[in-house]
Amino acid sequence: MRSKPPMHLGEITYYIFIELEDGTILNWNVDENPAADLDRKKSVRIAEFPESRSIGLVPVRDIGKGSFHKRHDSFVKLLNMPDDVDDVGTLNDMVSELSVRTLSTE
């Protein structure tokens with residue numbers, strides 16, 4: 001089964017956490033989105049999730065200003081995820097090639 005990367009971080013049902021070293025997967029696990037049941041402010045709640053897991057980078061397609069600043073202020077690097085990525089495996093293979101997202105490129 002292939003898992004397609006989501007368009008919006010707050011709408012994800014499950015997150016996959018991959019520990020990489022020199023492009024090699026050392027470890028991975030899957031956790032539920034702690035904000036999945038919220039009607040509002042999912043992005044704000046989920047912005048705290050990578051921080052609690054010591055996440056260093058997050059590939060994104062769409063991110064609001066509040067979430068962008070929360071991650072940036074927590075030293076989480078945001079990467080621009082291309083629109084043509086159709087599964088998590090492909091995304092993992094491309095991580096080292098992705099450009100860093102800035103607020104001006106939203």
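Data overview
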read-out: Selection count where residues are basic (Lys, Arg) and under 21 Å from residue 27 (Cα atoms), scope segment 68-96; value: 1
read-out: Residue within segment 28-42 that is free of Cβ contacts under 8 Å to residues at least 12 places away in the same chain, over 13 Å from the mean Cα position of the chain (by Cα) and part of a helix (DSSP H, G or I) present; value: no
read-out: Evaluation of residue 49 against (1) assigned to a loop (DSSP other than H, G, I, E, B); (2) under 11 Å from the mean Cα position of the chain (by Cα) (one fails), failing number; value: (1)
read-out: Subset of segment 55-83 (residues that are acidic (Asp, Glu) and in a helix (DSSP H, G or I)); value: 73
read-out: Conditions (1) in a helix (DSSP H, G or I); (2) touching a residue at least 40 places away in the same chain (Cβ under 8 Å); (3) of a type in the set (A, V, I, L, M): number failed by residue 94; value: (2)
read-out: Residue, surrounded by the most Cβ atoms within 10 Å (Cβ to Cβ), within segment 1-60, restricted to residues that are modelled with pLDDT of 75 or more, closer than 20 Å to residue 98 by Cβ and charged (D, E, K, R); value: 19
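The values are calculated or read from the model by the stated rules, or taken from the named source; none is laboratory data. All of these numbers come straight from a predicted model, not from anything done at the bench. In this analysis, Cβ positions are derived from the backbone assuming ideal geometry, glycine residues included, and neighbour counts consider all displayed protein chains.
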